[in-house]
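Report on the structure given below.
The values are calculated or read from the model by the stated rules, or taken from the named source; none is laboratory data. Keep in mind the model is a prediction, meaning the values are calculated, not measured. Cβ placement follows ideal geometry from the backbone for every residue including glycine, while neighbour counts extend to all protein chains displayed. Protein only, heavy atoms only, side chains kept; ligands, DNA and RNA dropped before computing areas. Shrake-Rupley method; radii C 1.70, N 1.55, O 1.52, S 1.80 Å.
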Amino acid sequence: QVQVVESGGGLVQPGGSLKLSCAASSNIFSILVMGWYRQAPGKQRELVAAITREGSAHYADSVKGRFTISTDNAKNTVYLQIDSVKPEDTDVYYCNAEVGTLSYWGQGTRVTVSS
């Protein structure tokens, strides 16, 4: 079983930056894909960025150019750098780890974009 714990959320002003962290309890090389999702109240959870074990990154069209996903294998941690934040980025952000056919979720970290 893999535990993932997100951190780094908070209040940020429009145009600012924020870096979210997701620490995995397992060796990151055992995880096939790690992804960041976000969900607003009453809406479906959507994928914003994912990175494979080989380092291939994928982004939702809505965040390309502003979000950057990266890993620190030594720390078993995946990061999501959010730049030029917009009010519509306000959501709860969840980290997901796929290990084989199993999927593990964190508890989420809230990002609020407001002046």
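With a probe of 1.4 Å, find how much accessible area the chain has per residue, and write the answer as a whole number in Å². Walk me through the numbers before you get to the answer.
Values: 6080 Å² over 115 residues.
The answer is 53 Å² per residue.
Rg ratio for the chain: its Cα radius of gyration over 2.2 N^0.38 Å, N being its residue count, equals 0.99.
Solvent-accessible area assigned to carbon and sulfur over the chain amounts to 48 percent, based on a 1.4 Å probe.
So, in the chain, how many Lys pairs have Cα atoms under 22 Å apart, if the pair is 8 or more places apart or on different chains?
Here the count comes out as 6.
Selection among LEU32, LEU80, GLY9 by position relative to the dipole of the chain gives GLY9 as farthest towards the positive end (Cβ unit charges, Cα centre). When only the Cβ of Lys, Arg, Asp and Glu is charged (+1, +1, -1, -1), the dipole of the chain relative to its Cα centre reaches about 100 debye. Identify which of ASP91, ASP83, ASP61 has the largest mean-square fluctuation in a Gaussian network model of the chain, with springs joining Cα atoms closer than 10 Å. With Cα springs under 10 Å in the chain, the top fluctuation among ASP91, ASP83, ASP61 is at ASP61.
The separation of the stretch 1-24 from the stretch 48-115, counted between C-alpha centres, amounts to 8 Å.
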